[in-house]
1. Quick one: which residues, 5+ away or cross-chain, put their amide H under 5 Å from the amide H of A:Leu226? H built at 1.01 Å from N.
2. Set the Förster distance to 30 Å, then compute FRET efficiency between A:Leu388 and A:Asp5 from the Cβ-Cβ distance, nearest 0.05.
3. In whole Å, how far is the Cα centre of segment A:129-144 from that of segment A:82-120?
4. Go ahead and run the numbers for FRET between A:Val168 and B:Arg8, Cβ-Cβ distance against an R0 of 56 Å, rounding to 0.05.
5. When the Karplus curve 6.51 cos²θ - 1.76 cosθ + 1.60 is applied with θ = phi - 60°, which whole-Hz ³J(HN,Hα) does each residue of segment A:489-494 get, with x for Gly and Pro?
6. For helix A:395-419, what angle does its Cα long axis make with the longest principal axis of chain A, in degrees from 0 to 90 and rounded to 10?
7. Within segment A:59-100, name every residue whose backbone N is under 17 Å away from a label modeled 7 Å from Cα of B:Ala58 along the Cβ vector.
8. Figure the gain on full extension for A:Ile18 and A:Asp483 (residue separation times 0.36 nm, minus the Cα-Cα span) and round it to one decimal in nm.
Amino acid sequence: MSIEDAAPGVIAVSVVAIATLAIGTWGLRLSRTTSDFFVASRTVNPRLNASAIGGEYLSAASFLGVAGLLLTFGAEMLWYPIGWTAGYLVLLALVAAPLRRSGAYTLPDFAEARLGSAGVRATCSVLVVAIAWLYLLPQFQGAGLTLRSAVGAPTWVGPLVVGMVVLVNIGSGGMRSITFVQAFQYWLKLTALLLPAAVLLAVWAGDGAPAAAGGAVDLAEWSMPLADGGGGRGLYLTYSLILATFLGTMGLPHVVVRFYTNPDGPAARRTTLVVLGLLGIFYVLPPVYGALGRVYADELASSGRSDVLVLELPRLMVGGPLGDVLTGLVTAGAFAAFLSTSSGLSIAVAGVLGQDVFDRAFGRRLTGVAAFRIGGVVAVVVPLLIALALPNVGVARAVGLAFAVAASTFCPLLVLGIWWRRLTDVGAVTGLAVGFVGSGSAVLWAMTSRSTGGWAVLLEQPAAWSVPLAFATMVLASLLTADRVPVHTRRFMARLHAPETLHLDRSSS
Amino acid sequence: MTDAVPPRVRVTGPPRRSQAQRPVDLRADSPLSEVYLDSLLAAQLRLAGRILVLLALAVGSLPLVFFLVPGLAEQQVAGLPLSWLVLGVGVYPVLGLLGWRYVVRAERNERDFVDLTRGSG
């Protein structure tokens, strides 16, 4: 790749990295206490918080992956962005306000407060780290692919750059500075996808609005919104994906930790509503790239390089300096996507590790901030090393399966914990274990095997059976251990559901 | 001519709060607070259930519809396949509307509950 071709990408990546570090450092001056580091001292207003959630949530899979998948597989892939958005509606209806009112820092905190058991807490901590790392891995690998496509760098450069920027940011300001960084990155990502899309649509209209060429994919199949071109198998895969994404969103560690930064329950609801709007606006754009790709970039699909569609479409359609500017813009957006999602996940893991593993280290008790920083280093370095060692784990699959695991573990725990008084610690741990083993074995199988015939379809997309199984196990095991229902259950439920205006006892929040 | 005697008026102080009108302490394990909490929980759960059923009907039914009516996905509307229009654009306003409806109703449930526990509702 020539220097002229690489220039827009290099400039874009540098600007995003520097802006991220600058905003993060500015946040440092505002972050002083442990509460600042973990939950931004709960003073983030709904609009800022919603932008931050949107910025953190729109990962590489949303920015690059969806458009490429749409180009290759067609309408069935529209279920991914729908599920990623609808997941927030389910979260809003079932957990948003009670979760905020629970007054806990992290998911393990919630589980321990609700069930009064250290065993449940430990199980949740392991799950948070497992799901977050499963989700971080493809972010790092996607960064490698992007930098290779944009500036011709070796694939190990991307993960390293993203890892370093995230590390500096977490270490310097914690949740408070990350909130500003991520709010900025939502708007950056939206602009970086919206402006080029508008220009490209204008170019397409100027060309006389040519129809899609019947190339690599059959057009009838391309407009069929069912996996595998329809049929019973396709129907199962589609519904299983819907279940995983609709229910998995609430169980993603980096999503949940954001809710603790709202001032109160109603603010948590309003934040979620704004997030729904922000995601809806963003997800209208990837289909534009997918559809234009059918007209102008069909060879990317046939050569199996559809992942870089968003990065390369501007140059394919527009030449000269304008093409360079647009390329720089989408590269900046993609890089922001890796940075923000990686930051959010690392924060969630750092919070859990800081509280549960490194609160006592090196033979003495650490302060909250020091433990958080050590947790952050481990949270970033471990998946970074895995990403460098195994550069070829399926990127899109790993993100999809992280949702299936979250839907099979934390979704039952949150829903039953918030709405069902008879949940016990034994029931929770049993259900979490069954859900994790069920969906996790499917993950392992999907990453190691290539067979897709017959009953293997159940392992390809496990959520349709693993989620009901986890719910049923949790309920049954709780009913069998009814004498273990915590004594404080009713009081805790009152705190989760009662409006703040009643001034209940919130001394511990 | 005799002036009509004005009717007697009883002068009293403001009505005293009776036991039942005091704000209910939800932390206390009394049968009354339990009933109140149950009513709030049931109302919020019913609301969440209604929203999720609407979500299932409006969005969750789409794969089944496209499965049962095979030619539907290829129908062209304004030069674009119907499936792309519905799934790529049409779904998002529906999600937003459902979310907005939930927030309004949930806050109303909570206001009603506060009025109830303060004895004015």
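1. For A:Leu226, the qualifying residues are A:Glu76.
2. 0.70
3. Their Cα centres are 22 Å away from one another.
4. With R0 = 56 Å, the Cβ-Cβ based efficiency is 0.10.
5. 3, 5, 5, 5, 5, 4
6. 30 degrees
7. A:82-94
8. Stretched fully, the A:Ile18-A:Asp483 segment lengthens by 161.8 nm.
FYI, it's all coordinate maths here, none of it is from the lab. Everything numeric here is computed off the predicted structure, so don't read it as measured data. Glycine also receives a Cβ, built like all others from the backbone with ideal geometry; neighbour counts cover every protein chain displayed.
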